[in-house]
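Input: a single structure, listed below in structure tokens.
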Amino acid sequence: MAQILLLAQIQLVCHQRRWDLLPAILVELGTTLGWTEAGFPWNLGSCKNADWLAPIAVQFLLYQCLWEGRQGRPERVKLLRKQAFGMMDQASECRAFDLLRRNGGLIDVGSITRPC
């Protein structure tokens, strides 16, 4: 649940163009996902919550790209974008979005547990 609230906060900060607040929120969201500079410590194929983690992780990576791009770090953006595309490929391979599609894009938040 905290991850959804952090994503909403990131969207609000970006909408209001409060770029000074963005790094701290990204770090907090990354911490809840287990993010390190090397990437995520889990693989969607082995996660029981892949249908939850996939969209959250991809959005996190895209916001990271936005921040790094604003900081003028194109090489870092390329790395993050590559990880985002890899995450989308993993989600496709493990069929993480199938349940999401069947439910019309709705996720049962009550069934979510800790990542992997």
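A few notes on this one:
- Residues of the stretch 46-62 satisfying the condition of being modelled with pLDDT of 90 or more and open to solvent by 10 Å² or more (accessible area, probe 1.4 Å): VAL58, GLN59, LEU62
- Filtered residues of the stretch 63-80 (kept if open to solvent by 40 Å² or more (accessible area, probe 1.4 Å) and either under 12 Å from the mean Cα position of the chain (by Cα) or of a type in the set (Phe, Trp, Tyr) (or both)): TYR63, TRP67
- Considering the conditions (1) open to solvent by 80 Å² or more (accessible area, probe 1.4 Å); (2) among the polar types (S, T, N, Q); (3) modelled with pLDDT under 75, THR113 is excluded by exactly one of them, (1).
- Any hit, the stretch 95-105, residues being of a type in the set (Gly, Ala, Ser), within 23 Å of MET1 (Cβ to Cβ), surrounded by fewer than 16 Cβ atoms within 10 Å (Cβ to Cβ) and in contact (Cβ under 8 Å) with a residue 60 or more places away in the chain: no
- In the stretch 21-41, the qualifying residues are those that are over 11 Å from the mean Cα position of the chain (by Cα) and within 14 Å of LEU66 (Cβ to Cβ), and the one that is most open to solvent (accessible area, probe 1.4 Å) is LEU21.
- For first residues located in the stretch 21-48 and part of a helix (DSSP H, G or I), partners that are among the polar types (S, T, N, Q) and open to solvent by less than 40 Å² (accessible area, probe 1.4 Å) and lie 6+ apart or on another chain with Cβ distances below 6 Å form the pairs THR32/GLN3.
- Number of the condition not met by GLY72 [criteria: (1) on the phi > 0 side of the Ramachandran plot; (2) modelled with pLDDT under 90]: (2)
The values are calculated or read from the model by the stated rules, or taken from the named source; none is laboratory data. Here the structure is a predicted model, which means the values were calculated and not measured. All Cβ positions, glycine included, derive from the backbone under ideal geometry; neighbour counts span all protein chains shown. Accessible surface is based on the protein model in full, side chains and every heavy atom, while ligands, DNA and RNA are left aside. Shrake-Rupley method; radii C 1.70, N 1.55, O 1.52, S 1.80 Å.
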